[in-house]
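Asker: Here it is, the structure, as structure tokens.
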Amino acid sequence: MAVSHLECKECKAQYPLEALYVCEQCFGPLQVAYDHTRLGHDVGELRRRIQGGPQNIWRYADFLPLAGGPPGPSGRLASRVGLPAGCTPLIRADRLAARLGLREVWVKNDAANPTHSFKDRVVSVAVTRARELGFQTIACASTGNLANSVAAHGAALGLDSYVFIPADLEEQKILATGVYGTNLVGVKGNYDDVNRLCTELCAERDWAFVNINMRPYYAEGSKTLAFEIAEQLGWELPDRCVVPIASGSLFTKIARGFEEWGELGLIEGTPPRMNGAQAQGCSPVASAFAAGHDVCRPVKPSTIAKSLAIGNPADGPYALDLARRTGGSVDAVSDEEIRAGIKLLAETTGVFTETAGGVTTAVLAKLAARGDIDPDERVVLVITGEGLKTLDAVRGSFETHTIEPSVESFQAGVPEPLTV
Amino acid sequence: MSVLVKIPTQLRPVAGGEAEAQIDGATVQEVLDGLFERFEELRVRIADDDGSLRRFVNVYVAGEDIRFLDGLATPVADGAEMTILPAVAGG
């Protein structure tokens, strides 16, 4: 396999491929380094190799940090073990584009994963690597979607799991975690408190915390979103991606995925402009972007977009650099705009997203209204989660016609369809 | 005034293998100075040349991030707990 070693993103110190996440020299984050020379330079052959892989993220195993390759037996039927993630639909959203005055908008619907969010990608990679390293217990600090995914992967693979969440999380996300039989721990505090506690616990327990000591491997899973988008567009790049930002990991790793394939010649052209989306009630990255700062000042979150409510984003500096480097931006929207974003996406595409997707859609609408997007651009909207997990956000946003079971009552109480 | 400083695993090799240290000081800065005096190598790992903390270092006093308090000038009470942690987790 092509995976080589861990290296510090800041000082480039090298480390072995173990459960490490912090540079001992400078405290910077560690990332996975690869040696792709064995893949060769035959782009056609490389594409065929990918296309011949399974219909899940393991078709990209050459670009993921697993020493033993994809889990399960080899071949096209491979890797149907655990909870295979990925290969979610990329939908051409012409009605949404028309509403926003744009020409070409695509919706990457990552709610179509096993536990209905993009987190299955990162957890699949982290947990598979954790098994390679011999861990028996997996754990995480979560704003909800990760909780669902870690609990489900623990169940699928027969690993013990501990899931730490803020105690006031949406009920749907708590129920959709506990059902898998995990050790569910509600912490009285916000996500940043949960994260601090887990960082401390990580030093005391021999567990694989997917987003702490396994974070270098975990983060790599997000690159598969970029790989799929490029493959689904016929080995082409979009001009722009709109992506939600919580810790900034997804945002930066999608860009890394495009860059990596560009370096290998699998795709050609300029990498897309990257637009980050945050909720105004938790917008440390958007605020730093607007102020011209290169680090984020932490905030206490207060927003309906709880899956994005990270006040102390670990990859904030890298997200800021990426947005600036690609000519993108990081924008924030209000809770009201988030609800409108959920409705806009649902009414124009048939995709019902959670509050984080409302944030992303609302930021796309904002960019379009501001004239930031050339109408000829090909734009991809990354929808990371499922609307059924945050039902409260749409409660009371429409009317139900309640009638007697008679034609007269129907005619009197329900309007006729609007005809054009 | 004495404060209990909790040292993260990544820094224990340069802190005599200790997980905790009792340090005197009235502010976060004074406690850090005392810590660096005891374990000189710690300084270059988490502080920049100008004395400020590197951007991937989080410091908490009684569980609260010092950036929500007074930063390095945050007062620490006698018997308080101060925690140093990597900032690169989560999400």
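The values are calculated or read from the model by the stated rules, or taken from the named source; none is laboratory data. Being a predicted model, the structure only gives us computed values, none of them experimental. Cβ atoms come from the backbone with ideal geometry, glycine included; neighbour counts cover every protein chain shown.
Asker: So is A:E204 within 14 Å of another protein chain (Cβ to nearest Cβ) and out of contact with any strand residue (DSSP E or B) (no Cβ under 9 Å at 6 or more places or on another chain) or not? Before the answer, list the steps.
Answerer: On the way: within 14 Å of another protein chain (Cβ to nearest Cβ): yes; out of contact with any strand residue (DSSP E or B) (no Cβ under 9 Å at 6 or more places or on another chain): yes.
In short, yes.
Asker: Taking the condition of a type in the set (A, V, I, L, M), over 22 Å from A:V379 (Cα atoms) and either modelled with pLDDT of 95 or more or surrounded by fewer than 18 Cβ atoms within 10 Å (Cβ to Cβ) (or both), does A:A290 pass?
Answerer: yes
Asker: Here is a further query. Give the residues of the stretch B:53-73 that are closer than 12 Å to B:L85 by Cβ and not β-branched (V, I, T), sorted by residue number.
Answerer: B:L53, B:F56, B:N58, B:Y60, B:G63, B:D65
Asker: From B:L85, B:L69, grab the single residue that is among the aliphatic types (A, V, I, L, M), touching a helix residue (DSSP H, G or I) at 6+ places or on another chain (Cβ under 7 Å), within 14 Å of another protein chain (Cβ to nearest Cβ) and under 27 Å from A:S142 (Cβ atoms).
Answerer: Residue meeting the stated conditions: B:L85.
Asker: Go through the residues of the stretch A:353-366 one by one and say whether even a single one is farther than 19 Å from A:Q278 by Cβ and in contact (Cβ under 8 Å) with a residue 24 or more places away in the chain. Spell out the reasoning first.
Answerer: Kept after step one, since they are farther than 19 Å from A:Q278 by Cβ, are these residues of the stretch A:353-366: none.
The answer is no, given that none of the residues of the stretch A:353-366 is farther than 19 Å from A:Q278 by Cβ and in contact (Cβ under 8 Å) with a residue 24 or more places away in the chain.
Asker: Could you identify the single residue in A:L30, A:L46, A:L39, A:L6 that is buried (at least 18 other Cβ atoms within 10 Å of the Cβ), of a type in the set (A, V, I, L, M, F, W, C) and away from every other protein chain (no Cβ under 14 Å)? Spell out how you get there, then give the answer.
Answerer: Values: A:L30 fails: away from every other protein chain (no Cβ under 14 Å); A:L39 fails: buried (at least 18 other Cβ atoms within 10 Å of the Cβ); A:L6 fails: away from every other protein chain (no Cβ under 14 Å).
Of the residues listed, the single one that is buried (at least 18 other Cβ atoms within 10 Å of the Cβ), of a type in the set (A, V, I, L, M, F, W, C) and away from every other protein chain (no Cβ under 14 Å) is A:L46.
Asker: Test each condition in (1) within 9 Å of another protein chain (Cβ to nearest Cβ); (2) surrounded by fewer than 19 Cβ atoms within 10 Å (Cβ to Cβ) for B:G91 and report the one that comes out false.
Answerer: (2)
Asker: Please work out which residue is farthest from A:Y218 (Cα to Cα), limiting yourself to the stretch A:42-63 and to residues that are among the charged types (D, E, K, R) and touching a residue at least 40 places away in the same chain (Cβ under 8 Å).
Answerer: Only one residue tops the list, namely A:R47.
Asker: Do we find that A:V22 is within 14 Å of chain B (Cβ to nearest Cβ) and touching a helix residue (DSSP H, G or I) at 6+ places or on another chain (Cβ under 7 Å) in this structure? Spell out how you get there, then give the answer.
Answerer: On the way: within 14 Å of chain B (Cβ to nearest Cβ): yes; touching a helix residue (DSSP H, G or I) at 6+ places or on another chain (Cβ under 7 Å): yes.
Against the criterion (within 14 Å of chain B (Cβ to nearest Cβ) and touching a helix residue (DSSP H, G or I) at 6+ places or on another chain (Cβ under 7 Å)), A:V22 qualifies.
Asker: Okay, moving on. I'd like the residue in the stretch A:109-124 that is touching a His at 6+ places or on another chain (Cβ under 9 Å) and polar (S, T, N, Q) and, out of all such residues, is surrounded by the fewest Cβ atoms within 10 Å (Cβ to Cβ).
Answerer: A:T115
Asker: For the stretch A:222-245, give me each residue that is under 25 Å from B:V57 (Cα atoms) and in contact with a Pro (Cβ under 9 Å, 6 or more places away or on another chain).
Answerer: Residue satisfying the conditions is A:I245 alone.
Asker: Being of a type in the set (D, E, K, R) and at the interface with chain B (Cβ under 10 Å from one of its Cβ atoms) is the filter here; which residues of the stretch A:273-317 pass it?
Answerer: A:D294, A:R297, A:K300, A:D315
Asker: Still on this model: Looking at the stretch A:110-119, can you tell me whether even one residue there is within 27 Å of A:T348 (Cα to Cα), among the hydroxyl-bearing types (S, T, Y) and touching a residue at least 24 places away in the same chain (Cβ under 8 Å)?
Answerer: Yes, because at least one residue in the stretch A:110-119 is within 27 Å of A:T348 (Cα to Cα), among the hydroxyl-bearing types (S, T, Y) and touching a residue at least 24 places away in the same chain (Cβ under 8 Å).
Asker: So, in the stretch A:167-178, of the ones that are in contact with a strand residue (DSSP E or B) (Cβ under 7 Å, 6 or more places away or on another chain) and surrounded by fewer than 18 Cβ atoms within 10 Å (Cβ to Cβ), which residue ends up nearest to the other protein chains (Cβ to nearest Cβ)?
Answerer: Among them, the one singled out is A:A167.
Asker: Additional query: Tally the residues that are crowded, with 19+ Cβ neighbours inside 10 Å and either without any contact (Cβ under 8 Å) to a residue 60 or more places away in the chain or within 17 Å of the chain's Cα centre (by Cα) (or both), restricting the search to the stretch A:293-310.
Answerer: Summing the residues that are crowded, with 19+ Cβ neighbours inside 10 Å and either without any contact (Cβ under 8 Å) to a residue 60 or more places away in the chain or within 17 Å of the chain's Cα centre (by Cα) (or both) in the stretch A:293-310 gives 9.
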